[in-house]
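See below for the structure under consideration.
The values are calculated or read from the model by the stated rules, or taken from the named source; none is laboratory data. Please read these numbers as outputs of a predicted model, since none were measured by experiment. For neighbour counting, all protein chains shown are included, and Cβ atoms are generated from backbone atoms with ideal geometry for every residue, glycine included. Just so you know, the surface numbers come from the protein's heavy atoms only, side chains and all, with ligands and any DNA or RNA stripped out. Shrake-Rupley method; radii C 1.70, N 1.55, O 1.52, S 1.80 Å.
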Amino acid sequence: MEQVKVAIDASKLVHTLLDIGEEMLLSGAEVFRVEDTVSHIGNAYGAQRVNIFVITSSIILTLTDAEGRDWTHTKRIEKPAGTDFARLEKLNELSRECCAEGLTLDELERRLQGIRTVHPGWRKYLRVYFGSALVGFALTIFFGGTLLDGLMGAAGGFFVCFLQSHLERFFPNRIIFNLVSGFAVGAVICLAARILPALNEDKSMIGDIMLQIPGIATTISFRDMISGETISGALRLIESLLWATALACGYMLAIWLVG
């Protein structure tokens with residue numbers, strides 16, 4: 001694809017590129033994809049050289065403009081990376097359009113802001129809640145649960161989705177959230193098992209635990225290490241292990257106190 005050069009304000013471009021990199025990282029993009037996309041967009045807007053270093057918690061970007069001056073900025077990533085492939089696809093489409101058509105920087109910022117602030121709508125929330133309940137039900141049955149266990153797993157999946165959608169932002173980090181959410185879901189299942197003796201609480205818990213296990217983050221960590229981004233991959237892997245450990249501790253605490 002031939003890149004269209006556009007003369008722009010280098011200082012303004014650096015901040016915009018950092019925002020794009022942050023949104024891609026938070027949407028679940030691999031480190032090498034973030035670095036490659038930001039480099040292509042910088043070159044498309046007339047930068048002579050783009051040097052970028054990305055890890056899960058920081059982005060360092062140095063851009064050399066047409067006059068040979070270097071512009072360096074660092075952006076701290078405070079939120080944990082999630083998984084939003086729909087947003088990631090929109091960001092990839094925007095980057096390809098920048099390279100092919102040469103959008104003005106103001107238009108690029110406007111389009112980026114539109115992607116960042118788009119409201120998912122009630123239809124998406126309905127699909128997510130239904131999908132969580134369905135997965136909780138299916139995994140409970142898959143691991144040997146009865147129909148009653150599956151229904152409890154579906155209710156637990158719905159509860160997990162509610163916690164992730166509405167309460168996660170109030171916690172300082174994902175470790176504390178996983179600990180609290182694991183305890184809350186486990187406690188609800190244990191209390192239900194007291195009311196319904198026929199309920200196998202372990203089967204229902206297994207189905208809901210699978211919803212919260214950071215499987216995608218773990219997979220991306222290995223992809224980063226395979227692609228040569230050892231530091232970022234190791235950081236992602238450690239984060240995933242800590243999240244899973246906190247989740248297990250939350251369920252264990254619920255079984256100990258309530259079960």
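At a glance:
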read-out	value
Cross-chain or 6+ apart pairs with Cβ under 9 Å, region 168-185 first and under 19 Å from ILE77 (Cβ atoms), then modelled with pLDDT under 90 and of a type in the set (A, V, I, L, M)	PHE177/LEU167
Residue list for region 43-60, filter: out of contact with any helix residue (DSSP H, G or I) (no Cβ under 6 Å at 6 or more places or on another chain) and either of a type outside the set (S, T, N, Q) or assigned to a strand (DSSP E or B) (or both)	GLY46, ALA47, ARG49, ASN51, PHE53, SER58, ILE60
Test for VAL160: is it touching a helix residue (DSSP H, G or I) at 6+ places or on another chain (Cβ under 8 Å), assigned to a helix (DSSP H, G or I) and open to solvent by 30 Å² or more (accessible area, probe 1.4 Å)	no
The listed residue being over 28 Å from MET205 (Cα atoms), open to solvent by less than 50 Å² (accessible area, probe 1.4 Å), touching a residue at least 60 places away in the same chain (Cβ under 8 Å) and not in a loop (DSSP other than H, G, I, E, B), out of LEU112, LEU103, LEU139	LEU112
Subset of region 26-58 that is hydrophobic (A, V, I, L, M, F, W, C) and out of contact with any Ser or Thr (no Cβ under 7 Å at 6 or more places or on another chain) - its residue that is most open to solvent (accessible area, probe 1.4 Å)	PHE53
Sole exception among (1) open to solvent by less than 80 Å² (accessible area, probe 1.4 Å); (2) without any contact (Cβ under 8 Å) to a residue 12 or more places away in the chain; (3) within 23 Å of MET152 (Cβ to Cβ) for PRO197, by number	(1)
